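A.B. asks: Dropping a structure here in structure tokens format, bear with me for questions.
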Amino acid sequence: MALRALLGKDLRILRRSPALLALLIVYPVAIALLIGLALSSSPARPRVAFLNEIPPNQATIQLGSQQINTTRYEQELFQAIQPVPVGSMAEALADVRDGSTIAALIIPPQLPEELASAAQTAYVQVIYNGNAINQALVQTAIESKLAQANALLATQLSHVADSYIDLLLSGGELHFLGSTYDVLGLVRARTALAAIETALPRSSPLRQRIATVENFAQIAVSHLGGSKKVIAAVAAPIAVRQRVVSGSRTPLNDYAVAVAVAVSLMFVCILLASGMLALEREENTLARLRRGLVSAGLLLSEKGILAAILGVAVSFAMLCGIGLFVPLGWGRAALWLLAMAGGGLAFAALGVAIGAIVHEVRAASLLALLVSLPLVFLALVPSASVSAGLYDVIRVVSAVFPFKAALEALDAAINQSQPSLGIALAHLAALIVGFGALSRIALRP
Amino acid sequence: MTSLEAHGLSKRFGDRVAVHDVSFSLGRGEVLAIIGPNGAGKTTLLSMLAGGLEPSEGELKLPPAGGIGWVPQQTAVYSKLSVAENLRLFARLEGVADAGAAVDRMLEQTGLRARAGDEVGRLSGGNRQRVNIAIGLISEPAVLLLDEPTSALDPRQRARLWEFINDRVLAGTSVAFATHDIAEAERYAGAVLVLADGEMLFAGSPAGLGAAEHENDLERAFVAFLAERGH
């Protein structure tokens, strides 16, 4: 009876706050649209001024018996950036300075010559501008494509090295500076030396010297044959074989959906729960209610339930909106709601605790934001990015606040990831009890 | 017939004693003024009587549930709800059997029927206080507790408020109110209780307080009474 009366009262108050009502409706729609479009469309390529100083007739280089067209690597690079062709270094610099491009990529004229020599590292020049995020974006794009180009060139160079080793081992024709040379090769040289050794008298002093050279040829044949494997390994020293130790691996896009839903659920629940309880103090009605009309437990539960219901409704609407752009497992919708309910109640319990401590709605909202934002960042810190000790501290902090557990519950419900939904919900239940107890203490007169 | 009795009532907040050893009784249809300087413990005492604070020591004999109406110093109403919605909500929370009839009655008695659908946040300070008092009376309590009920009202609004309260007193409601306005205590209360630093210094009629100081002017008597006792 009292719970229904309080819920009805708070819903009326919310309905009569047009800004808040508009926010509750517009927020999920806008966020769903933004995330849906971001995840379903291709990433934008950064605009990069591009200056190729290689003369067109020198774009193809000769490496051993093979010809390599450097324009092929340009096309690889253009998959990652949007090239803006420029005619000179000065023009490239001007474009970067005035912000029309966020970087410039200059291919120097001597690049084919340096590559063909295979004796020195060839360089391209990149000039950056813009903020750290822009720089990181273009740097990552260019470096990843250059790494691919390097890998392709390394493979080509290893093939060239192989052909030279074969020539040294087995002999054959060597074409160099327009002339053709007949190369004997170590195998044939050893055979010839053996024949000469046999033909010499047993007492000839030359036999010992020829035997030494013959042994050298034998050793060279054995080891040069093995060096081809070494060169192939150097071209690609590390290859990746992927294996997930436990659970299913959540693709980044799907994880982003879980994060977006968790963040929305958190903001709506914490802000509403803290604001609605602080409003009771601001309107001086808390003392009136607490003089025996409503128990502390009932009042706190009512705020928590209302905030969780609205938070789940907003987050579910948002997830449905995202589902228009990104494929989701609709058969698991009941589990989504379960995870949202657990997360929503835990966030609301935290919000109620904030509302019980703070006496004004504005202060409660500010504190709610100050508490929630760092929790999101902490929960998303990857384990390898900080020291082990600091990561342990972050894990403890994340464990005593609901965001990490709510994210794990949503990730498990939406993407079937580990830990299981049951474990995450048990964690959230413990947090609900903890924050509920804290709220009751804070609400004592 | 006694409506309310307090024996040795005390309240501590940590080491601070807000109210110490207060005893008094309030008969049916009686009006008691609780007077004292700022920080005397008037609001704390009323909060204990209203059930908002648990006494640290002492005994209280109160009317049954719903028998006490409380009107806090600052209006305690929901500004986004209408006058009628506020009254209906508290009628339901107080467990009033016929909430609709109670709302109708209070709208009539407070003269707020024409403003019943208006949000309380849009009312004048005087009308908000009338809603505040109407909520305190919604369950037709045997005892009405008011904490500085007229401090935010102009003289005309004060007169109308006391006219309204006196009607309730004539109907048998007992009233205890805290005030800084000694003239108001003299005019409307049959008994005064003087508090200072949580101690009860005097309980009796206003005339008795004047006689104790040989003063006809109650305000002067009150000031002299406190000064003699180091307050």
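A.B. asks: Looking at (1) at pLDDT 85 or above; (2) within 27 Å of the chain's Cα centre (by Cα), which is the one condition that is false for A:Leu14?
C.D. replies: Only one criterion in (1) at pLDDT 85 or above; (2) within 27 Å of the chain's Cα centre (by Cα) is unmet by A:Leu14, namely (2).
A.B. asks: When you scan the stretch B:102-130, how many residues do you find that are within 13 Å of chain A (Cβ to nearest Cβ) and under 11 Å from B:Leu161 (Cα atoms)?
C.D. replies: 1
A.B. asks: Another question, then. Output the qualifying pairs, or none if there are none: Cβ atoms under 7 angstrom, residues six or more apart or on different chains, first residue in the stretch A:290-318 and more than 14 Å from chain B (Cβ to nearest Cβ), second residue open to solvent by less than 50 Å² (accessible area, probe 1.4 Å) and of a type in the set (Ser, Thr, Tyr).
C.D. replies: The qualifying pairs are A:Leu300/A:Ser439; A:Val314/A:Ser264; A:Ser315/A:Ser264; A:Met318/A:Ser264.
A.B. asks: Tell me yes or no: at least one residue of the stretch A:370-387 is of a type in the set (Gly, Ala, Ser), at negative phi and buried (at least 17 other Cβ atoms within 10 Å of the Cβ).
C.D. replies: yes
A.B. asks: May I ask you to list the residues in the stretch B:46-66 that are open to solvent by 10 Å² or more (accessible area, probe 1.4 Å) and more than 8 Å from chain A (Cβ to nearest Cβ)?
C.D. replies: Once the filter is applied, which keeps residues that are open to solvent by 10 Å² or more (accessible area, probe 1.4 Å) and more than 8 Å from chain A (Cβ to nearest Cβ), the stretch B:46-66 yields B:Pro55, B:Ser56, B:Glu57, B:Gly58, B:Glu59, B:Leu60, B:Lys61, B:Leu62, B:Pro63, B:Pro64, B:Gly66.
A.B. asks: Has the stretch A:415-422 got any residue that is assigned to a helix (DSSP H, G or I), at pLDDT 90 or above and of a type in the set (A, V, I, L, M, F, W, C)?
C.D. replies: The answer is yes; a qualifying residue exists.
A.B. asks: Can you tell me which residue in the stretch B:169-203 is modelled with the highest pLDDT, limited to those that are over 14 Å from the mean Cα position of the chain (by Cα) and β-branched (Val, Ile, Thr)?
C.D. replies: Applying the filter and picking the extreme gives B:Val194.
A.B. asks: So which residues in the stretch B:73-85 are under 16 Å from the mean Cα position of the chain (by Cα) and open to solvent by 10 Å² or more (accessible area, probe 1.4 Å), if there are any at all?
C.D. replies: Those that are under 16 Å from the mean Cα position of the chain (by Cα) and open to solvent by 10 Å² or more (accessible area, probe 1.4 Å): B:Gln73, B:Gln74, B:Thr75.
A.B. asks: Just one of the numbered conditions (1) open to solvent by less than 10 Å² (accessible area, probe 1.4 Å); (2) within 8 Å of chain A (Cβ to nearest Cβ) is not true of B:Gly69; which one?
C.D. replies: With respect to (1) open to solvent by less than 10 Å² (accessible area, probe 1.4 Å); (2) within 8 Å of chain A (Cβ to nearest Cβ), B:Gly69 is out only on (2).
A.B. asks: Here's a follow-up. Can you name every residue in the stretch A:349-370 that is in a helix (DSSP H, G or I) and not aliphatic (A, V, I, L, M)?
C.D. replies: Across the stretch A:349-370, the qualifying residues are A:Gly351, A:Gly355, A:Arg362, A:Ser365.
A.B. asks: Hey, does the stretch B:77-84 have a residue that's more than 10 Å from chain A (Cβ to nearest Cβ), farther than 27 Å from B:Ala196 by Cα and in a helix (DSSP H, G or I)?
C.D. replies: yes
A.B. asks: Check the stretch B:137-150 and report whether any residue there is under 22 Å from the mean Cα position of the chain (by Cα), within 14 Å of chain A (Cβ to nearest Cβ), open to solvent by 10 Å² or more (accessible area, probe 1.4 Å) and not charged (D, E, K, R).
C.D. replies: yes
A.B. asks: Just checking, does the stretch A:427-444 include any residue being away from chain B (no Cβ under 14 Å) and over 22 Å from A:Gly355 (Cα atoms)?
C.D. replies: Yes, because at least one residue in the stretch A:427-444 is away from chain B (no Cβ under 14 Å) and over 22 Å from A:Gly355 (Cα atoms).
A.B. asks: Which residue pairs have Cβ atoms closer than 7 Å, lie 6 or more positions apart in sequence or on different chains, and pair a first residue in the stretch A:195-216 that is more than 19 Å from A:Leu168 (Cα to Cα) with a second residue that is of a type in the set (Val, Ile, Thr) and open to solvent by less than 80 Å² (accessible area, probe 1.4 Å)?
C.D. replies: A:Ile196/A:Ile210; A:Glu197/A:Ile210
A.B. asks: Between residues in the stretch A:8-21 that are facing another protein chain (nearest Cβ under 9 Å) and residues that are part of a helix (DSSP H, G or I) and modelled with pLDDT of 90 or more, which pairs lie under 7 Å by C-beta distance while being six or more apart or on different chains?
C.D. replies: A:Lys9/B:Leu89; A:Arg12/B:Glu85
A.B. asks: While we're looking at this one, here's another question. Against the condition out of contact with any Phe, Trp or Tyr (no Cβ under 6 Å at 6 or more places or on another chain), under 20 Å from B:Ala191 (Cβ atoms) and small (Gly, Ala, Ser), how does B:Gly52 come out, does it pass?
C.D. replies: So B:Gly52 fails the test.
A.B. asks: May I pose another question? If we scan the stretch B:2-13, do we find a residue that is assigned to a loop (DSSP other than H, G, I, E, B) and away from chain A (no Cβ under 12 Å)?
C.D. replies: no
A.B. asks: Can you tell me which of (1) surrounded by fewer than 16 Cβ atoms within 10 Å (Cβ to Cβ); (2) touching a Phe, Trp or Tyr at 6+ places or on another chain (Cβ under 7 Å) is the one A:Trp330 doesn't meet?
C.D. replies: Unmet condition: (2).
A.B. asks: With the requirement that a residue be within 14 Å of chain B (Cβ to nearest Cβ) and over 15 Å from B:Leu89 (Cβ atoms), what does the stretch A:273-289 give you?
C.D. replies: Selection gives A:Gly275, A:Leu277, A:Ala278, A:Arg281, A:Glu282, A:Ala287.
A.B. asks: Would the stretch A:252-259 turn up any residue that is in a helix (DSSP H, G or I), modelled with pLDDT of 90 or more and not charged (D, E, K, R)?
C.D. replies: no
A.B. asks: Oh, and also: If A:Ile61 satisfies every condition in (1) open to solvent by less than 60 Å² (accessible area, probe 1.4 Å); (2) over 30 Å from A:Ile231 (Cβ atoms); (3) in contact with a helix residue (DSSP H, G or I) (Cβ under 7 Å, 6 or more places away or on another chain); (4) at pLDDT below 80 but one, which is the exception?
C.D. replies: It fails just one condition, (2).
A.B. asks: Follow-up. Consider B:Ser47 carefully, then state whether it is within 21 Å of the chain's Cα centre (by Cα) and in the same structural domain as B:Leu209 (by TED's automatic domain parsing).
C.D. replies: Yes.
Residue-wise test of (1) surrounded by fewer than 22 Cβ atoms within 10 Å (Cβ to Cβ); (2) outside any helix (DSSP H, G or I); (3) not β-branched (Val, Ile, Thr).
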{"residue": "B:Glu163", "(1), (2), (3)": "yes, no, yes"}
{"residue": "B:Asp167", "(1), (2), (3)": "yes, no, yes"}
{"residue": "B:Val175", "(1), (2), (3)": "no, yes, no"}
{"residue": "B:Ala178", "(1), (2), (3)": "no, yes, yes"}
{"residue": "B:Ala183", "(1), (2), (3)": "yes, no, yes"}
{"residue": "B:Glu186", "(1), (2), (3)": "yes, no, yes"}
{"residue": "B:Val194", "(1), (2), (3)": "no, yes, no"}
{"residue": "B:Phe202", "(1), (2), (3)": "yes, yes, yes"}
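A.B. asks: Restricting to the stretch B:94-144, name every residue that is part of a helix (DSSP H, G or I) and within 25 Å of B:Ala6 (Cβ to Cβ).
C.D. replies: B:Asn132, B:Ile133, B:Ile135, B:Gly136, B:Leu137
A.B. asks: Please determine, by comparing only the residues of the stretch B:86-101 that are of a type in the set (A, V, I, L, M) and within 14 Å of chain A (Cβ to nearest Cβ), which one is most open to solvent (accessible area, probe 1.4 Å).
C.D. replies: This residue is B:Ala97.
A.B. asks: Give, as residue ranges, the strands (runs of 3 or more DSSP E) completely inside the stretch A:98-200 that count at least 2 residues that are under 28 Å from the mean Cα position of the chain (by Cα) and in the same structural domain as A:Glu74 (by TED's automatic domain parsing).
C.D. replies: Once the strands (runs of 3 or more DSSP E) in the stretch A:98-200 are filtered for at least 2 residues that are under 28 Å from the mean Cα position of the chain (by Cα) and in the same structural domain as A:Glu74 (by TED's automatic domain parsing), what remains is A:103-107, A:125-128.
A.B. asks: Next question. State all residues of the stretch A:288-302 that are out of contact with any Phe, Trp or Tyr (no Cβ under 7 Å at 6 or more places or on another chain) and outside any helix (DSSP H, G or I); if no residue qualifies, say none.
C.D. replies: Selection gives A:Gly292, A:Leu293, A:Val294, A:Ser295.
A.B. asks: Here's something else I'd like to know. Pick from the stretch A:355-368 the residues that are open to solvent by 10 Å² or more (accessible area, probe 1.4 Å) and touching a residue at least 60 places away in the same chain (Cβ under 8 Å): which of them is nearest to A:Leu300 (Cα to Cα)?
C.D. replies: Result: A:Ile357.
The values are calculated or read from the model by the stated rules, or taken from the named source; none is laboratory data. Keep in mind that this is a model prediction, so the values were computed, not measured. In this analysis, Cβ positions are derived from the backbone assuming ideal geometry, glycine residues included, and neighbour counts consider all displayed protein chains. All accessible areas refer to the heavy atoms of the entire protein, side chains included, with ligands and DNA or RNA removed. Shrake-Rupley method; radii C 1.70, N 1.55, O 1.52, S 1.80 Å.
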